[in-house]
Amino acid sequence: MEITGRVTADAIVHKAGEREVVNFSIAVNDRYKPKGSTEYKEVTTFINCSYWLSVNSAQFIRKGAVVQVSGRIGMHVYINSEGNPMGSIDFHVNSVSIIVFAKKGNEADAAGSNAGQKANSRKAAKNANGAPADDVPF
């Protein structure tokens, strides 16, 4: 089964005995129009994911990233402290593909301002004929 969703928090590496596991959660949005209604209803499903194959991937599974996970689905059912039955969807991940990387706070802003500075310096540069340096005569 494959699921695509947005990571809700940075991945965390846990130790389970002698092995390590990458745990993260994704949100999957669904939109539908109920029969007889003119308005759409939006539903978000949160899925807990466990990835045992590569703990190095945790550094890339960051809040806001869009990932596609492949594996098998499971259900975790329990009684909470108030005596109410609860459940969660768990996904045992075989592979992770990052579709969109999460933005890095200050680095993204710095990269954007550096790109603007480079563009301005290119505009100011002129070749020997007085034409802008990035104008090619052919």
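Bear in mind these aren't lab numbers, they're just calculated from the coordinates by the rules spelled out. Computed from a predicted structure; not experimentally measured. We place every Cβ from the backbone using ideal geometry, glycine too, and count neighbours over all the protein chains shown.
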Loop-resident sites, the stretch 21-91, for GluC sites (Glu not before Pro), counting at most 12 other Cβ within 10 Å (DSSP): GLU39, GLU82
Reciprocal mean inverse distance between Cα atoms of the stretch 50-94 - Kirkwood radius, Å: 12.7 Å
Please go through the stretch 1-44 and write out the trypsin sites (Lys or Arg not before Pro) that DSSP classes as loop and that have at most 15 other C-beta atoms within 10 Å. LYS35
